[in-house]
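Read-outs throughout are calculated quantities, based only on the coordinates presented, and are distinct from any laboratory measurement. Quick caveat, the model's predicted, so the values are computed rather than measured. Heads up, the Cβs are rebuilt from the backbone with ideal geometry, glycines too, and the neighbour counts pull from every protein chain shown.
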């Protein structure tokens, strides 16, 4: 070796720059709120992430995480996404709406809510509207290209929320569910490939979503429909249209929306009674990685309504609700265990023995059984067998030869 040795790296050198604690704290405060408000005070409170004592953190959709909202059609999934976008815009942040349901009224609805009287933004309305970005994703290929191979301009600077509305529609259109293909005898090679490819695409999507949300510190909100899944003999459950182990692990918070008939008694105000009739409910199935309800459950429930100004809280008092009418249900008796069957007991009679079939009944049911008797020189008697209640009755018809 030559006499001039290469300089050794200093012990403090590292491929990542060192950041002091004060700089990290200052950077954390500069990023703004760690959540995006849902617009419902009760829901924000239960979605509040854990924090240190003495440091209050606002609740809502967690930034850097993926939140899923599912439910049947017309329950208010898009309304929850619109309210979250309005909350982000009011905070001075940007919001991106990726539309897979082809809902052209989203922009009009957001502009209408921004012009409402409730807590107007400090900036000019035109500037706030310019922070909202609308994108259409007509096919699954468009969505994959947007998140897997994101362009340099996406997401825009200072974006805190991205909403993907009706994601299950794109997946079902690309890989439709065919009932005939579920049968093993009807499955073709193409059907097997499509079923396996569907789950592969779902796994790739959730991996891209979690990486995207964590990399850009964005609250990623996904809405999807619900499907019916049969569990047991007569138990039907509403479950998300998108499922899978990888998808469930990638989703940090999962909410289910549904409607129910509230049996109200004597509400104190007429407006409260009208709100109870229009109440919708949000169930917390999973919050910040913690599962609160099993499949088919709803967990903690938060009521709300949808008005022209946005989402509104509903305070349901116990005195305003009457007890539901419980009807007795007939429970099917369980079958006897195999151990309780007596092997020495005689076999039960079959259906033929219980009905009382006797000889020649099979022929008698198709017509009349004619028994020839001894004939005399003048007459011949013919016996007709008629079956009644499992017994034979002889009827003799006399005929002349």
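For this structure, a couple of remarks:
- Cut-off 16 Å (backbone N to label point 7 Å along Cα→Cβ of residue 243), residues of region 154-169: 168
- In a fully extended conformation the segment linking residue 211 and residue 108 would gain 34.0 nm over its present Cα-Cα distance, using 0.36 nm per residue.
- With both labels modelled 7 Å from their Cα along Cα-to-Cβ, the residue 177 to residue 150 distance reads 3.1 nm.
- Surface/4 of the Cα convex hull for region 76-120, nm²: 3.2
- Each peptide among 39-47, 146-154 gets the average number of other Cβ atoms lying within 10 Å of its residues, and from highest to lowest they stand as 39-47, 146-154.
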